[in-house]
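To keep things clear, I will list the structure first and then write my remarks on it.
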Amino acid sequence: FDARTMGSAGGWLLLVVVVLCDYCALLAGGLSSGKGFGAPKKKKKAQAPKPPVTVAAPAAVTVVAEEDQAVDKWGLPLDFDERAESEPDPSIMARCRAEGPLPARFFANQTPWSDRLEVLHCDPLVLRVRSFLTAEECDGLIALASSPRAKEMAKDAGTFSKKEAARRTSTTWYARFAEPEVAPLLARAAALLEVDWDRFEELQLARYLDGEQFKWHEDAVPPTLLRPGDGGQRIATLLAYLSGDLDPQNDGGQTVFRDLGPLRVTPVKGDALLFFPAVVQKRHQKGEEAYFPDDRTVHAADPVRNGKQKWVSQLWIHEGPYPPTIFRHDNPRDPDHLRNVLTRFAHPPPLS
């Protein structure tokens, strides 16, 4: 090597030494200050855990963890929680007669049904219609359910969803409107509510054996399932008791309205239970009036016990004409047939 080559190599060596010294100084400064590249990460101060958000539970409702006990859509355990019944307020009951969904004349002895109506609850209105059917008419409907003329509902069929079917353990049959055994019930329902037959849903006949029940449910159609031309909302439920030899203290089988006390209705053969599962409300956007489910009418059929049976018929009335879905050509439209049936059966039978 010559001097010129040595000078060039020395220059490069000097440059490398300078860079290394600067790097070491930077590294040393970072370690001493706790900042910069290569500095150890500071540990974050531990924060106290935020308190859980609590929501006040509705009155008389026990909040239960879902993993511990199954709850229904209203937040109640599927098993009924016993509570004391409340006594109706006489002043409210009097107002109910004038302001309820039925015309005031029903409570003023101005219709054949006025002396049959027993107000069980005012708002929402729940009525017992005494001696709606005769004992023979009840027996005829029970016999119809056991005949080939009735169509049994599938056990896993729910009116609105499969989830609902799991709540019901009873057996249900559909009956044609044209069956002779059905005529008295339909004629009296039309006369009592002053509506046409074409607003009736298919009649259902239900049997509850020992241990069978229908857990908490509501009868109104979920608004999301309503479609044009399907009759609209269910606005009335008429439940007729076809049997009534149940001791309410020992045999169960009562119809229970959860949020009305609770209100417990003991089956009496031939009596009917009438209530209104939907109420008229205004749509906020359009200002129109429409029927919406009344959640206060949530109810259940208590389990039947002691080897007894319970039979009921179920009839729902829609706000408009309802197209049959089980028996496609069932709803009778013949004026002569309707006139004959209404003439024979529209008036209530003698009080038992």
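The values are calculated or read from the model by the stated rules, or taken from the named source; none is laboratory data. None of the values given here were measured: they were computed from a predicted structure. Cβ atoms come from the backbone with ideal geometry, glycine included; neighbour counts cover every protein chain shown. Ligands, DNA and RNA are excluded from the accessible area calculation, which covers all protein heavy atoms including side chains. Shrake-Rupley method; radii C 1.70, N 1.55, O 1.52, S 1.80 Å.
Tabulated values for the structure
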| item | result |
| --- | --- |
| Val280 paired with Asp115, simple spin-label distance in nm, labels 7 Å along Cα-to-beta-carbon | 3.2 nm |
| Where region 172-238 is the region considered: accessible area per residue in Å², 1.4 Å probe | 32 Å² |
| Residue-normalised accessible area of region 242-345, expressed per residue, 1.4 Å probe, Å² | 49 Å² |
| Total lysine pairs under 26 Å (Cα atoms) in region 201-352, excluding pairs fewer than 8 apart on one chain | 5 |
| Integer Hz, Karplus 6.51/-1.76/1.60 couplings in order for region 318-327, x for Gly and Pro | 9, 6, x, x, 10, x, x, 10, 9, 9 |
| Under 5 Å, built H, 5+ apart or other chain: amide partners of His121 | Val126 |
| Principal axis dimensions, region 222-352 - Cα atoms, whole angstrom, descending | 51, 43, 27 |
